[in-house]
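*Asks:* Pasting in a structure now, in structure tokens, and then I'll have a few things to ask.
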């Protein structure tokens with residue numbers, strides 16, 4: 001028979017979404033919306049079929065294999081996607097789906113690093129179209145017999161196979177696949193509300209931002225720049241980091257706050273040992289005001305317990321005290337630096353974050369920062385600052401960068 005009846009498609013598998021019960025359809029719709037946004041440059045259509053999301057080309061005349069391959073690589077980076085599979089769509093014709101199974105098994109063998117002579121396989125069939133004449137057991141036997149004849153060197157292992165050839169009978173079509181690529185998992189962006197992230201060009205905060213985006217949050221980073229005391233290099237790096245993270249569609253908007261002048265005023269007004277804590281308190285307060293404007297439900301930081309002077313338990317408590325009533329999420333709090341760097345390498349943010357750039361963290365730093373701050377001293381120093389005037393000036397100077405790849409992001413109502 002002609003293989004023209006066999007068409008490459010991408011099947012997106014999700015796991016955690018399937019556990020959402022009555023809310024499942026909302027999560028599925030958001031995942032499809034996010035996939036459509038990320039795949040908008042490709043000539044594909046996206047729709048749900050029987051517990052999967054199907055990505056198929058719009059025009060048969062296109063280079064289908066190339067388009068589907070590109071779609072698969074994009075889809076696997078989208079939160080909510082457990083696996084992305086290069087599959088074959090055929091008619092519900094045994095000759096067609098058996099040939100597709102042979103193609104899929106051949107590709108899986110080629111992708112394996114093991115000796116083909118030692119590999120085992122099995123066939124797993126599933127029917128969502130109960131009107132099809134063959135039951136799943138009969139499909140197992142039919143496709144399995146065909147593959148055993150075509151691959152006599154392979155052994156069948158129905159319990160722990162190296163390769164599983166899947167056959168899905170759906171409505172009037174069949175879908176066949178044998179090899180999947182892991183996705184990032186998690187939940188679709190837009191199903192967990194907005195979170196404002198305190199964001200720098202270093203390793204930690206981009207990783208923390210991605211981790212919460214992977215849990216379904218629309219992330220709104222806020223970067224405190226040392227401008228006008230330093231050049232804008234850190235801002236450009238943060239924009240580049242957000243663009244990299246937005247391969248997953250998690251970034252709605254980046255706020256840039258020129259912090260250098262206020263930082264200088266704080267440095268002149270408080271004891272040197274308390275400067276860092278005062279800087280961070282001001283950052284929390286400004287981020288809190290931006291979060292209120294955005295309708296966000298929490299703040300996020302890249303803090304890791306004990307990693308630097310401002311991240312002792314006492315100092316972590318002191319920076320947020322009396323400043324924000326919002327939950328402060330710290331997804332990296334139990335991670336060490338090597339773990340964070342490893343994750344940055346996986347995300348592709350490592351090289352950007354490794355670039356040296358002066359920012360507010362390098363300005364007016366004390367020789368001996370306080371590591372175990374007393375709340376009475378912190379509050380006394382804070383009360384001497386013109387806090388509201390400083391906040392007002394910072395909010396007035398804020399600059400924004402929007403990112404179109406996050407369809408779940410909605411601008412504040414005043415701007416809509």
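Residue-wise test of (1) under 30 Å from residue 185 (Cα atoms); (2) at pLDDT 95 or above.
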site: 86; (1), (2): yes, yes
site: 93; (1), (2): no, no
site: 98; (1), (2): no, yes
site: 102; (1), (2): yes, yes
site: 114; (1), (2): yes, no
site: 121; (1), (2): yes, yes
site: 129; (1), (2): yes, no
site: 132; (1), (2): no, no
site: 137; (1), (2): no, no
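*Asks:* Tell me which residues, restricted to region 173-193, are part of a loop (DSSP other than H, G, I, E, B) and over 11 Å from residue 16 (Cβ atoms). Give the steps one after another, and end with the answer.
*Replies:* Kept after step one, since they are part of a loop (DSSP other than H, G, I, E, B), are these residues of region 173-193: 178-179, 186, 188-193.
The answer is 178, 179, 189, 190, 192, 193.
*Asks:* Next question, about the same structure. Is it the case that residue 250 is buried (at least 22 other Cβ atoms within 10 Å of the Cβ), touching a helix residue (DSSP H, G or I) at 6+ places or on another chain (Cβ under 7 Å) and modelled with pLDDT of 90 or more?
*Replies:* Values: buried (at least 22 other Cβ atoms within 10 Å of the Cβ): yes; touching a helix residue (DSSP H, G or I) at 6+ places or on another chain (Cβ under 7 Å): yes; modelled with pLDDT of 90 or more: yes.
Here the answer is yes, as residue 250 does meet what is asked.
*Asks:* Which pairs have Cβ atoms under 7 Å, sit 6 or more apart or on different chains, and link a residue in region 157-172 that is outside the structural domain of residue 134 (by TED's automatic domain parsing) and closer than 14 Å to residue 147 by Cα to one that is in a strand (DSSP E or B) and modelled with pLDDT of 95 or more?
*Replies:* none
*Asks:* Shifting gears a bit: Where in region 37-128 are there strands (runs of 3 or more DSSP E), lying wholly inside it, with at least 1 residues that are surrounded by 13 or more Cβ atoms within 10 Å (Cβ to Cβ), touching a residue at least 24 places away in the same chain (Cβ under 8 Å) and under 21 Å from the mean Cα position of the chain (by Cα)?
*Replies:* In region 37-128, 52-57, 81-91 are the strands (runs of 3 or more DSSP E) which contain 1 or more residues that are surrounded by 13 or more Cβ atoms within 10 Å (Cβ to Cβ), touching a residue at least 24 places away in the same chain (Cβ under 8 Å) and under 21 Å from the mean Cα position of the chain (by Cα).
*Asks:* Is there a residue in region 135-144 that is out of contact with any helix residue (DSSP H, G or I) (no Cβ under 7 Å at 6 or more places or on another chain) and not in a helix (DSSP H, G or I)?
*Replies:* yes
*Asks:* Looking only at region 302-316, how many residues end up being crowded, with 17+ Cβ neighbours inside 10 Å and either at pLDDT 95 or above or assigned to a helix (DSSP H, G or I) (or both)? It would help to see each step written out before you state the result.
*Replies:* Filtering region 302-316 down to residues crowded, with 17+ Cβ neighbours inside 10 Å leaves 302-304, 307, 309-312, 315-316.
If we keep only those that are either at pLDDT 95 or above or assigned to a helix (DSSP H, G or I) (or both) as well, we get 309-311, 315-316.
Looking only at that region, the number is 5.
*Asks:* With (1) out of contact with any strand residue (DSSP E or B) (no Cβ under 8 Å at 6 or more places or on another chain); (2) within 27 Å of residue 40 (Cβ to Cβ) as the list, and residue 170 as the residue in question, which single condition is left unmet?
*Replies:* (1)
*Asks:* Now a separate question. Quick one: in region 194-217, of everything that is part of a loop (DSSP other than H, G, I, E, B) and touching a helix residue (DSSP H, G or I) at 6+ places or on another chain (Cβ under 7 Å), which residue is surrounded by the most Cβ atoms within 10 Å (Cβ to Cβ)?
*Replies:* My answer is 199.
*Asks:* Also, I was wondering about something else. Would you call residue 342 within 15 Å of residue 204 (Cβ to Cβ), at pLDDT 90 or above and not in a strand (DSSP E or B)?
*Replies:* Working: within 15 Å of residue 204 (Cβ to Cβ): yes; at pLDDT 90 or above: yes; not in a strand (DSSP E or B): yes.
Yes: the conditions hold for residue 342.
*Asks:* Please go through region 44-97 and pick out each residue that is at positive phi and in contact with a helix residue (DSSP H, G or I) (Cβ under 6 Å, 6 or more places away or on another chain).
*Replies:* 80, the sole residue that qualifies.
*Asks:* Something else about it: Given the conditions (1) farther than 28 Å from residue 75 by Cβ; (2) exposed (fewer than 14 other Cβ atoms within 10 Å of the Cβ), and given that residue 171 satisfies all but one, which numbered condition is not satisfied?
*Replies:* Here residue 171 clears every test but (1).
The values are calculated or read from the model by the stated rules, or taken from the named source; none is laboratory data. A quick note: this is a predicted structure, and the numbers were derived from the prediction, not measured. With ideal geometry, Cβ positions are generated from the backbone for all residues, glycine too; neighbour counts draw on all protein chains shown.
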